Amino acid sequence: MSFISLSWISPSWATDSTSAYITAPIQAIQQTRQHRFAATVISKNTTQLSSEIAANILDIHVRPGDQVTKDQRLVTLDCRDSEDQLRLLKSRLAEIQASLTQSQRLATRLGTLRDRQLTDSLSAEDAQSETARQHARLTATQTEIQMAERQIERCVVKAPYDAAITAQLASIGERTAPGMPLLALQQLSDAEIEVTLPVNRFDFSNAMQAEFQLAESTYRVEFLRVSAVINAQNRSQTAWFRAPESVPIGSSGSLILTERQAFIPAQLIVSRLGQLGVFVAESADVRFHPLAGAEEGRPYPVPDELNSAELVVQGHQWLQAGTTE
């Protein structure tokens, strides 16, 4: 728990029958309750990039420790067979397109002759069927070309996001198989702070302030989500906060949660007439204000009626109850 230090604003002096006292606005002396938990900055994604095809590794363009950007080339595989296959398919496509054009011309000519009753219907139907077959061959070849192009794309392994390379798992010249790991990397962007909290202890929808402290630096952080799963052994839940961009992944620090509720310091609460309360200064008078349910030695939530009050902060030990509410 961290207390707000006293900040005197035009302190007022007054004297009763026994001693002097000092007052201060409640906003200057109220304290907030803070909670501190161990927390770690984690990567949103930790990935092993694998080969999708069987091929030889031609080049690895990065080393462990390098930072890479999304879509940056990381590994190049030998895809000469796939490239040759693509050229063959494109040649076949040109041949089929020529055959299709010829079939369409023949079907059009025979259709005209049939309409003029200069040829039989069977010849015209055969020409139309050949045109349909050529269309089917054209579609199939185009599909094969798309598959070959995707295969060639797999020959270049690219970064899926901004990341840091953490390990090299294969070497140049090595023969890969589908699913063989090549590189390990961790996403650098959108890092999160992971922390374990007591179950149902905090209401993050109530504008609770969250800060991440690392060494001598403190950062305001944004609440993201809390797990719906409860750890039955220690009655805890895991929560995540958005990590500052400048904080390295893997950093361990403290998450500081500050409750919105303000409290009257315990040392200002005294017992009078069998009740615990505080002394409130009003103009030239001082009155004792009871605090229902207050416990000795514990801070007390600031009641609404005292939000703008001036409290006696020194000398209250010797004041008598006087007027009470």
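Give me, ordered by chain and number, the residues 5 or more places off residue 56 or on other chains with an amide H under 5 Å from its own placed amide H.
78, 176
For segment 255-312, what % of the accessible area comes from carbon and sulfur atoms, probe 1.4 Å? All intermediate terms of the calculation are to be shown ahead of the outcome.
Numbers: 1180 of 2850 Å².
Ligands and nucleic acids excluded, carbon and sulfur give 42 percent.
With axes computed from alpha carbons, what is the tilt in degrees of helix 80-115 against the longest principal axis of the chain, rounded to the nearest 10 within 0 to 90?
The answer is roughly 60 degrees.
PRE reach from residue 139 (point 7 Å along Cα→Cβ): which of segment 115-133 fall under 18 Å by backbone N?
Correct set: 128-133.
Once the piece of chain linking residue 229 and residue 156 is laid out straight, how much longer is it, given 0.36 nm per residue of separation minus the C-alpha distance between them? Before the final figure, lay out each step's value.
On the way: separation 73, 0.36 × 73 = 26.28 nm, distance 4.02 nm.
Full-extension gain reported as 22.3 nm.
Relative to the longest principal Cα axis of the chain, at what angle does helix 121-153 sit, 0 to 90 degrees, rounded to 10?
The answer is roughly 40 degrees.
Over the Cα atoms of segment 96-141, what Rg and Dmax result, in angstrom?
Both quantities, over Cα of segment 96-141: 11.2, 37 Å.
Here are several values of Rg and Dmax of the Cα atoms in Å: (1) 25.7, 85; (2) 39.0, 134; (3) 20.9, 65. Which one was derived from the coordinates shown?
Computed from the coordinates, Rg and Dmax of the Cα atoms in Å corresponds to (2).
When you count, for each residue, the other Cβ atoms within 10 Å and take the mean per peptide, how do 250-256, 191-197 rank with the highest first?
Working: 250-256: 15.9, 191-197: 19.3.
Taking the mean over residues of other Cβ atoms within 10 Å, the ranking is 191-197, 250-256.
Segment 186-323: percent of C-alpha pairs farther apart than 28 Å?
When all Cα pairs of segment 186-323 are counted, 44 percent exceed 28 Å.
Stretched out fully, how many nm does the piece from residue 258 to residue 314 gain, at 0.36 nm a residue minus the Cα gap? Each step should come with its number before you reach the end.
On the way: separation 56, 0.36 × 56 = 20.16 nm, distance 2.68 nm.
Stretched fully, the residue 258-residue 314 segment lengthens by 17.5 nm.
Quick one: if you stick a label point 7 Å off each Cα along the C-beta vector at residue 292 and residue 45, how many nm between them?
Taking the simple label geometry, residue 292 and residue 45 are separated by 5.6 nm.
Please work out the Cα center distance from segment 224-252 to segment 94-171, rounded to the nearest Å.
Segment 224-252 and segment 94-171 have Cα centres separated by 53 Å.
The values are calculated or read from the model by the stated rules, or taken from the named source; none is laboratory data. Given the structure is predicted, the values throughout are model-derived calculations rather than measurements. Positions of Cβ are backbone-derived with ideal geometry, glycine not excepted, and every protein chain shown enters the neighbour counts. We work out accessible area using only protein heavy atoms, side chains counted, and drop any ligands, DNA or RNA first. Shrake-Rupley method; radii C 1.70, N 1.55, O 1.52, S 1.80 Å.
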